[in-house]
Every structure is written in structure tokens, then in C-alpha cells.
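Okay, structure first, notes after.
The values are calculated or read from the model by the stated rules, or taken from the named source; none is laboratory data. Since this is a predicted model, take the numbers as computed values, not measurements. Reconstructed Cβ throughout: ideal geometry from the backbone, glycine too, with neighbour counts over all protein chains shown. Areas reflect the complete protein model, heavy atoms only, side chains present, ligands, DNA and RNA absent. Shrake-Rupley method; radii C 1.70, N 1.55, O 1.52, S 1.80 Å.
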Amino acid sequence: LARHYGTVAVEEHARPLLDAKSGRCDEADIPLTARGQMAAEDALSLQAQRVLFCDTDLLTTTIWSDLLFGSCPSWIAAEAERRRYDLYLLMDVDVPWVDDSQRYLPHRRREFFDRCRSELEKHRRPYVVIQGDWDARFAAATAAVDRLLATPAK
């Protein structure tokens with residue numbers, strides 16, 4: 001999407017952190033992930049052209065922390081509430097599972113999707129659900145972003 005729109009994207013900060021640990025996430029990784037995510041978003045927002053794509057965000061970090069460890073540091077939850085995004089592209093779980101060292105809980109994909117949707121609604125975040133095969137997903141995502149970009153600024 002970033003390439004399509006001629007802009008930059010914030011990669012998932014946890015991935016390189018956890019790759020070095022064979023994908024295992026410890027409770028101490030949550031604050032590291034959050035700080036890295038914030039720093040990357042802040043830095044890349046200065047380079048963005050009209051739109052900045054983020055693979056994940058702090059709200060997702062809070063969900064993972066709660067799921068894996070039963071809680072989340074309060075400063076991360078507060079920062080997740082403070083940071084606002086114009087649109088979330090919520091990926092449905094209607095494509096085959098791709099196994100890698102960091103993907104957790106394949107049998108709970110729908111539950112995790114539902115939890116993400118619930119948190120987006122609870123926090124009143126704008127989102128669209130992206131479904132279908134990879135081509136349909138790209139088309140739906142670009143259509144949603146095009147609508148957002150065509151909307152006059154508030």
C-alpha cells in the first residue's frame with residue numbers, strides 16, 4: 001500500500017525484536033515493542049506523503065499483552081488511547097493460515113479478530129474489514145484509503 005501511494009510504512013516493530021528470540025514473546029518485550037512502535041511512527045510520519053501506513057499500533061500491542069500476559073502496562077494503554085489514526089484496515093481471517101515463528105494461536109484466529117474489532121469499536125476508531133483473496137484485499141484496501149483521502153479535512 002505504501003508503494004502504491006508513494007509514501008512510507010511503519011513495519012511491525014515486534015517482528016525483528018522477536019525474530020532474534022525464535023518468535024518467543026516475553027512480558028518484558030511489550031514495553032520494548034511499544035517504545036519502538038512509537039519511535040518509528042513519529043520518525044516516519046515526517047517522511048510520509050499524505051498518508052502513513054502502520055502495520056500495527058499500540059492498541060494492538062495492548063490486545064496482545066492482555067492475551068498473552070493477562071495485563072498491559074498502564075502507560076501503554078494510555079498512549080494507545082492518545083494516539084489516533086484516521087482509518088484502520090482490519091484484516092479478516094478468511095485466508096489460509098501462514099505459519100511462521102511469530103504467529104500465535106492459529107486455532108484462535110477468529111477470537112483474536114473479534115477482540116480487535118471489539119477494541120476498535122470500544123475506542124471509537126474508524127475501521128473497515130478487509131476480506132477475500134489477496135487481490136480482493138488490495139482492491140478493498142485501496143478503495144478505503146481512496147475514500148479517506150477524498151474526504152475533506154475536518
Study note, to complete from the structure: Residue-ordered couplings for the range 79-86, obtained by feeding phi - 60° into the Karplus form 6.51 cos²θ - 1.76 cosθ + 1.60 and rounding to whole Hz (Gly and Pro as x), are 5, 4, 5, 6, 6, 10, 10, 6
Review point. Against the longest principal axis of the chain, how steep is helix 109-122, in degrees 0 to 90 to the nearest 10, with axes from Cα atoms?
Key: 60 degrees
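At a 1.4 Å probe, what is the % contribution of carbon and sulfur to the accessible area of the chain?
It is 54 percent, rounded to a whole number.
Give, in nm to one decimal, the length gained when the segment between Lys21 and Leu67 is fully stretched (0.36 nm per residue of separation minus the Cα-Cα distance). Numbers along the way, then the final one.
Details: separation 46, 0.36 × 46 = 16.56 nm, distance 1.93 nm.
Result for the pair: 14.6 nm of gain on full extension.
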Point to revise | Solvent-accessible area of Asp92 with every protein chain in place, 1.4 Å probe, in Å² to the nearest 10 | key: 10 Å²
Review point. Among Met91, Met38, what's the order by accessible area (1.4 angstrom probe), most exposed first?
Key: Met91, Met38
Revision key, fill the gap. Non-local residues with an amide H under 5 Å from the amide H of Gly132, with H modelled 1.01 Å from N and Pro and chain starts lacking one, are Asp94
Check your understanding: With no solvent and one point per C-alpha, what does the Debye sum give as log10 I(q)/I(0) for the range 7-154 at q = 0.12, 0.14 Å⁻¹?
Key -> -0.53, -0.74
**Study point:** For Asp55, solvent-accessible area (1.4 Å; no DNA, RNA or ligand), Å²
**Key:** 100 Å²
Exercise for review: DSSP loop (so not H, G, I, E, B), at most 13 other Cβ within 10 Å: list which trypsin sites (Lys or Arg not before Pro) in the range 27-130 pass both filters.
Suggested key: Arg50, Arg84, Arg103, Arg124
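What do you reckon, how do His13, His107 stack up by accessible area (1.4 Å probe), largest on top?
Details: His13 65, His107 145 Å².
So the residues, ranked largest to smallest area, are His107, His13.
Going by a ≥ b ≥ c, the root eigenvalues of the Cα gyration tensor, does the range 86-148 fall in the rounded group (a/c under 1.5), the prolate group (a/b larger than b/c) or the oblate group?
oblate
Just to confirm, what accessible area per residue do you get for the range 5-154 at 1.4 Å probe, in whole Å²?
Working: 8890 Å² over 150 residues.
Solvent-accessible surface per residue comes out at 59 Å².
Compute the length gained on full extension between Tyr85 and Ala28: take 0.36 nm times their separation in residues and subtract their Cα-Cα distance, giving the result in nm to one decimal. Write down the numbers at each step before the final one.
Values: separation 57, 0.36 × 57 = 20.52 nm, distance 2.62 nm.
In short, 17.9 nm is gained.
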Review point. So how exposed is Val51, as accessible area in Å² (1.4 Å probe, rounded to 10)?
Key: 20 Å²
Review point. Amide H to amide H, which residues 5 or more places from Tyr88 or on other chains are under 5 Å from it, using H placed in the peptide plane?
Key: Tyr127, Val128
